[in-house]
């Protein structure tokens, strides 16, 4: 090879190290260092409202967490929110992609429309839904539901409807993502496999289960991974629509850690809650990644 | 000549498909279209019951959102500065790193690549808490440099991985030919590799800019009166002016206009970026 010619960086390893060094240095400083500080803080009593009480806490914050009903409640909401919104995105997104694949012309319109929710800021989406869509009487959906005689629903003001609403908002914004990925994935499938199946007289359902599904499995799993990560850390749309309320009815762990830190100014316990979310996120992603690399059957 | 039964059945089937698809499409169109409609109303028309479809459209709200009492122009400029600076820094750091990861022999490549991937999975709440304390200590709250540093935490790992997948697709023969021409490694990267991944750079720029523009959690806690991006301005607007929805809709649409324009204009690139992420893994969106 061309080693040893024209200076130190002609050697491949040296050159490569030089190229990654700045990025890795920035990553260590901007992500790993704060993360270590977070973990350190989770073993401290840090209350900005009572700075004179700050001290080393050992595992106190974690012990407190285990007996904190708010923590378990927020964990339950996180599970409901993540599982239902990811499942809805995958099912609706895949269904819509299969439908649009059948359309001979006009797929482009669907692609453009699908881009719009994705590029909007989640906080704006949350604000639009809270005011223009779900507000009592004047919101479009509330008006439509009442006009159809389906009764009055307190969309964001009562616990269960509020939870359903924030799941609906998240699903509305991110289903187009799943749809676009599945559409691209379906479009790249080999046609001859289908033709062989058609000659074998396999019906549409059989073709879907035995041919399409295994072929798009990688895309399916990756969409689940990416969407789960985002759902676990969802913040802006919920914050804008309900602020975690009414009460704590939509306060997933992410928002609970936020409120503990920035409203109650209890940074020690807030850090411990954030560490819990970090552990959950890494656990979920490693399980899903294992699914991705696992052999079929 | 009458349609043969086969063709008629196909037409019927297509009609059903189009109707079904159109109904589903409306679910995504209606909320956005309604925001546009509301932005063209007066506040009293917005609060008319039942909601009015027929009204005299006015651009008054847009005038207010741009130059009037509810101007978001300064926030708009702030977002522009933040997002551009984040994008430039990210690209400058990510491209060389991605090239090394994709193409060169690098000691400890696997663990370093895995490390980059994991940094991308840190929930933002796990970073905002330490960052608030750190930036507070060094006086960087409500500053451009503070927010840009924080934005790098999600843009850089994402950009590296996106660029790696583009770099991997370049045919190796091109580099080898360059080496035979006695080009050094810097020249190869600059003259051979970069022109090949222009498309990938465009996709990365779009995603990084978009994610920075739309960011809210870091912004709401680390910004202030001096540096206030559009997402925070929108949120504050609703907290203060609970019922001025027409003004909200107009201001929000102005704030989101660059994203909508980018989304429609670069639709192909965005879909490509999404799918590359989906095939090779990674990506915060």
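Each value in this text was obtained by applying a stated rule to the coordinates, not by laboratory testing. Since this is a predicted model, take the numbers as computed values, not measurements. FYI the Cβ positions are ideal-geometry reconstructions off the backbone, even for glycines, and counts take in every protein chain you see.
Odds and ends about this structure:
- With neighbour counts taken as other beta-carbon atoms within 10 Å, the residues B:82, B:59, A:150, B:25 rank, fewest first, as A:150, B:59, B:25, B:82.
- For the range A:174-207 versus the range B:67-85, the spacing of their alpha-carbon centroids is 45 Å.
- Ratio Rg/Rh [Cα only; Rh per Kirkwood] for the range B:66-162: 1.09
- Cα shape, the range A:1-101, gyration tensor, a/c 1.5 rule: oblate
- Both radii were evaluated on the Cα set of chain B; the Rg over Rh quotient, with Rh as the Kirkwood radius, amounts to 1.08.
- Mean residue ellipticity (222 nm) of chain B, computed from DSSP H runs ≥ 4 via -39,500 (n - 2.57), nearest 500: -24000 deg cm²/dmol
- 222 nm mean residue ellipticity, helices alone, for chain A (DSSP H n ≥ 4; -39,500 (n - 2.57); rounded to 500): -21000 deg cm²/dmol
- Alpha-carbon Rg/Rh ratio, for chain A, with Rh computed the Kirkwood way: 1.07
- If you model the range A:94-227 as an ellipsoid using its alpha carbon gyration tensor, with each semi-axis the square root of five times an eigenvalue, the axes come out at 37, 16, 14 Å, biggest first.
- Anisotropy class assigned to the range B:131-274 is oblate, per the alpha carbon gyration tensor with a/c at or over the 1.5 cut-off and a/b no larger than b/c.
- Inter-part distance where the range B:225-262 and the range A:134-172 are each reduced to a Cα centre, Å: 23 Å
- The rule of thumb for compact globular proteins, 2.2 N^0.38 Å, goes into the C-alpha radius of gyration of the range B:124-170 1.52 times.
- Inter-site label distance for residue B:59 and residue B:182 at 7 Å from Cα along Cβ, in nm: 6.3 nm
- Tail fraction, Cα-Cα pairs, the range B:5-60, threshold 15 Å, whole percent: 62 percent
- With the convex hull drawn over the C-alpha atoms of the protein assembly as shown, the volume per residue is 208 Å³.
- Taking the alpha carbon gyration tensor of the range A:168-264, multiplying each eigenvalue by 5 and rooting it gives semi-axes of 42, 12, 10 Å, largest first.
- Normalised contact order of the range A:153-267, rounded percent, pairs of Cα under 8 Å and 6 or more residues apart: 37 percent
- From least to most packed, judged by other beta carbons within 10 angstrom and beginning with the fewest, A:258, B:115, B:62 follow the order B:115, B:62, A:258.
- Relative to its residue count, the range A:8-56 spans a Cα convex hull of 90 Å³ per residue.
- Relative contact order computed over chain A (Cα-Cα under 8 Å; 6+ residues apart), in percent: 27 percent
- Cα gyration tensor category, rounded, prolate or oblate, for the range B:1-157 with a/c compared to 1.5: oblate
- For the range A:28-181, diffusion coefficient by Stokes-Einstein and Kirkwood Rh (Cα), 10 °C, 1.306 mPa s, µm²/s: 81 µm²/s
- Span from the the range A:219-286 Cα centroid across to the the range B:23-46 one, whole angstrom: 30 Å
- Of A:163, A:186, A:19, the residue with the greatest mean-square motion in the GNM of chain A, using alpha carbon springs below 10 Å, is A:19.
- Among B:60, B:173, sorting on how many other beta-carbon atoms sit within 10 Å of each Cβ, with the fewest leading, yields B:173, B:60.
- Take the Cβ atoms of residue B:14 and residue A:192, set R0 to 35 Å, and the FRET efficiency comes out at 0.90.
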